[in-house]
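Written out below as structure tokens is the structure these notes cover.
The values are calculated or read from the model by the stated rules, or taken from the named source; none is laboratory data. What you see is a predicted model; the values in this text were computed from it and never measured. Ideal geometry is used to build each Cβ from the backbone, glycine not excepted, and the neighbour counts take in all protein chains shown. Keep in mind that these areas ignore ligands, DNA and RNA; they rest on the heavy atoms of the full protein, side chains included. Shrake-Rupley method; radii C 1.70, N 1.55, O 1.52, S 1.80 Å.
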Amino acid sequence: MTFDFLYKKELLLLIPLAIFLLLGLRKKTSKKHLFSHLLVAFLLVLALAAPYSAEITNPKTNQSRITIISDESESMELLQKGIPENISENLNSTVPVTVTTVSGAHTALGDAILQEASPDNYVLVVSDGQSNSGTSVEDALSYCYKNNFPVAGLVPPILKEELSVEVEGENELVIDNEAVFKINIRKSTENKMSYQVRVTVDNEQVIEKEITQTGREESVNFSYRFKTLGPHAVKATLLPATIGVKKLDYFENNNQYMKSIYVTPKPRVLFVTNEPDSPLANILNKVYDVRFSRLYDSLEGIDAVILDNQAASTNPDSEVEALRKYIINGGGLVVVGGDSSFDYPAQNTYQNTKFEELLPVTSKPSSWRGGRNIVLMLDVSPSTLQSNNIGGSILDDILSNAVVLLESSLLKDARVDVITFGSKGQDTTNGFVDMSKDSNRLWLGSKISKISPSGDSTSLEQGLLTASGLLEAQNGSAKAEIVIISDGGIGNMGEGDNRFERAVNCADDLCKSGIGLHFVHVHAPKTDISESTSSGKYYAEILMGNVNLPENYIRIKPGQRVNGSFSEKPDESKDTEENYSSGSLIICDPKHFITRDISEINHDLLGYNEVTPRPEANRLVITRLGKPVITVWRLGLGRVAAITTDNGYGHGIPWAPSLYSGNDSLIITRTLNWAVAEAETSENIQLKVPDLKVNQPGRILITAKKGGAPELYFDNKPMEITPVGNNMYESYVTPDVFGLHKISEKPAGTNQTGKTVPSTFGIDDAPWRPATANCPDEYTYIGENPLFRTALLENGGKIYTQSDLYSRITTDSITSTEKKATTKATYAKYILVLAFFIYLIYTVYHTYNTRMK
């Protein structure tokens, strides 16, 4: 509270009042008369100054307001219509409801969420979750979660069957090199559907097969070698399985896909090796124009340098400096390991050398991570249904934290099983799932989102026994851990109840057997005797203290998300590593160009170099022990890759013989292609042309060897070209029809929707580059986006169905808001009343005394 005067200048009148007082005291006047009149005058001056007090308060108000984001984009044609309007009509009598729409051929769902979200507005997104424009849904929901903006979702039922096709692969390929393509067929539902897929290359059919699909996605892989240079095209078409059927599905524009291909000469690589007949050398000879040399002083026209098992002594500082300049200016480098490189031999390693500064790894052992079996124990007892006071239940927080852990990098190299426990433990995933695969993470996230309360009590012991049985059935040499996420209601309910003691004994036995234990305690707003003792100590914290793991106890509030670390201790990791003899490989970063769409590597390594990735580097492939095998980074304009195993030959005792043959060799080929990404050609203008979308701007990157912006045409129309760097330019083009389009230095005709140029055209005979346009992403990604539910749960949101919406949303949408309010109290009238009574009393008193005398 603060005290002040509204008119402070009026207080200056107190100065003459004080002077009058001093003069009155000098004269022999009645002091009673003097002080009474001066007191009244003083109060009048105070009243003129208008004194007041101000108090700032934060009153809480509970209110309910719902905004429905109605997705009315083209992809929603497949789903049930009218749901947002029905919700608004049914709720408007009790809750203010506003409906806003997202429509058109492009869905900016994330932008719509950010626009409508606020602390006092409950946003309900009615959508299939597909967003292809603007802010991603994941980023929008993360922003809302961090700012306490409530967001929920409802996915309408899918009523129409729909298929879409897409061709994955590189748009620029090397002549006579095996190119791998993947035909992705997406389906809107999980109902059985039959169709034919036909694939042509330059109008020649290479695949025609009938497929009966039940899952949401199906893929067909094929490889092809282009024997001629210049433009080509791959086209995939979906057709009805039965001749009599005229229409395959609802949309027709997504039943065909065309990919432009431009074939270039073989890149030139410099290969430094002591084993020219190794499996690595065989791959290089098939794909590249290989030149053998030991000197780096002549790198003109070389697209990449491959160093195979070269000792540190073979790389003098003068040549390393030449190699460094080459990389910084855009060259590529691949360093392959073996018994003479990286950490071998012990007296001549790469460590602390000039050459090591070029690499994404240092030649010292990395700390062990991996080989872990983890059980997530989720509390689904009835006590978790209590409100978390932020618009949901404690169970919502438990499930959201489980999804957060699955999506984090903490479990990327682990195998996870999810069990629930109430009055008993139950395995929900039927076994451990490898977290190195994105598909498994999505599947587990969807399983968790469907978990509901069960049982009539909380028995932590039963959950621990279930987890123990699952872990005992696994490889005993793997690290085993249990992560409990619970509301902490694990205590005794009364006299004679010893469930807590039994749980402590069971947990203690597990820890003594070598199983790690972690407890994430979602602290409920209202505690009862099952969560804390009479002295206020939490049973969960007592449990972890009794098993000597107090550091593994994490207590969080509703709405918070766990940020724990479940890594092993250094001394434990050493023992676990010694028990491992397997060099099984897992993909650490599945989104990189090198590892994209490679879900697993089937064969194991027999050996590898001990290295540690630099902080700026990308670990792409690791062993189950967490040892890096393929690590990359960018150095200046160039690219550097470290393959820390041998060339597949290894002086007759190979470490990685299978990594250079069969399907597993794709990872090596991709690594080499990544390093040679900026291959030079004899052409003055080089283009990077992606697959374009109809009526959607597509970015073309242009590199010109000669100075000045080039003059280019897109289907006879001049292209608007903008500089973006040294001899680098960009241009945005918007095709208006499906099919093959042409980019040329001179007008070269219009697009061809039904056929492509003959494959016999050579690079000199076809002075244009192909560009293909396909249907927008709105028609490619159909049905419910599986990431939508995961993103909502991960960021504290809720997911409704039409059956439970009306029973939950009215309560969930009540939000408490605090607004600053300033309350002012003025005192002028009270001072005037006081002055009046003082004057009145004194006047009566003075008059009475005068008459009496």
Within the stretch 449-468, residues being in a helix (DSSP H, G or I), under 21 Å from residue 395 (Cβ atoms) and over 18 Å from the mean Cα position of the chain (by Cα) number 7
Restricting attention to the stretch 586-626, report how many residues are polar (S, T, N, Q), in a loop (DSSP other than H, G, I, E, B) and touching a Lys or Arg at 6+ places or on another chain (Cβ under 7 Å).
1
Among all residue pairs at least 6 apart or on different chains, which show Cβ distances below 9 Å where the first residue, located in the stretch 710-728, is of a type in the set (Lys, Arg) and the second is crowded, with 17+ Cβ neighbours inside 10 Å?
717/733
Which of the residues belonging to the stretch 769-789 are open to solvent by 10 Å² or more (accessible area, probe 1.4 Å) and either in a helix (DSSP H, G or I) or of a type outside the set (Phe, Trp, Tyr) (or both)?
769, 776, 777, 779, 784, 785, 786, 787, 789
Considering only the stretch 164-233, give the strands (runs of 3 or more DSSP E) lying wholly within it that have at least 3 residues that are in contact with a Leu (Cβ under 7 Å, 6 or more places away or on another chain) and open to solvent by less than 10 Å² (accessible area, probe 1.4 Å).
178-187
Mind checking whether some residue in the stretch 43-52 is out of contact with any strand residue (DSSP E or B) (no Cβ under 6 Å at 6 or more places or on another chain), free of Cβ contacts under 8 Å to residues at least 24 places away in the same chain and either open to solvent by less than 90 Å² (accessible area, probe 1.4 Å) or under 23 Å from residue 823 (Cα atoms) (or both)?
no
Would you say residue 829 is modelled with pLDDT under 80, open to solvent by 40 Å² or more (accessible area, probe 1.4 Å) and charged (D, E, K, R)?
no
When you go through (1) part of a strand (DSSP E or B); (2) under 26 Å from residue 587 (Cβ atoms); (3) open to solvent by less than 10 Å² (accessible area, probe 1.4 Å) one by one for residue 415, which number turns out not to apply?
(3)
Got a sec? Which of 47, 54 is at pLDDT 85 or above and of a type in the set (A, V, I, L, M, F, W, C)?
47
Mind listing just one residue for me: the one in the stretch 505-529 that is small (Gly, Ala, Ser) and open to solvent by less than 10 Å² (accessible area, probe 1.4 Å) and, of those, farthest from residue 393 (Cα to Cα)?
507
Looking at (1) β-branched (Val, Ile, Thr); (2) modelled with pLDDT under 80; (3) open to solvent by 50 Å² or more (accessible area, probe 1.4 Å), find the lone condition where residue 19 falls short.
(2)
Among the residues of the stretch 586-601, which ones are more than 18 Å from residue 626 (Cα to Cα) and surrounded by 20 or more Cβ atoms within 10 Å (Cβ to Cβ)?
594
Assess whether residue 583 counts as being within 26 Å of residue 650 (Cα to Cα), modelled with pLDDT of 85 or more, in a loop (DSSP other than H, G, I, E, B) and open to solvent by less than 80 Å² (accessible area, probe 1.4 Å).
no
Where residues in the stretch 695-712 are part of a strand (DSSP E or B) and open to solvent by 40 Å² or more (accessible area, probe 1.4 Å), which of them is farthest from residue 769 (Cα to Cα)?
696
Please identify the pairs in which a residue from the stretch 816-843 that is among the charged types (D, E, K, R) has its Cβ atom under 9 Å from the Cβ atom of a residue that is assigned to a helix (DSSP H, G or I) and at pLDDT below 90, counting only partners at least 6 apart or on another chain.
829/47
What is the one condition in (1) farther than 30 Å from residue 635 by Cα; (2) at pLDDT 95 or above that residue 732 does not satisfy?
(1)
Odd one out for residue 323, checked against (1) under 18 Å from residue 614 (Cβ atoms); (2) buried (at least 21 other Cβ atoms within 10 Å of the Cβ); (3) at pLDDT below 90:
(3)
Considering the stretch 266-284 alone, what residues qualify as being among the small types (Gly, Ala, Ser) and either part of a loop (DSSP other than H, G, I, E, B) or within 38 Å of the chain's Cα centre (by Cα) (or both)?
278
Members of the stretch 554-568 found to be surrounded by fewer than 19 Cβ atoms within 10 Å (Cβ to Cβ) and either modelled with pLDDT of 90 or more or closer than 23 Å to residue 389 by Cα (or both), listed by number
555, 556, 557, 559, 560, 561, 563
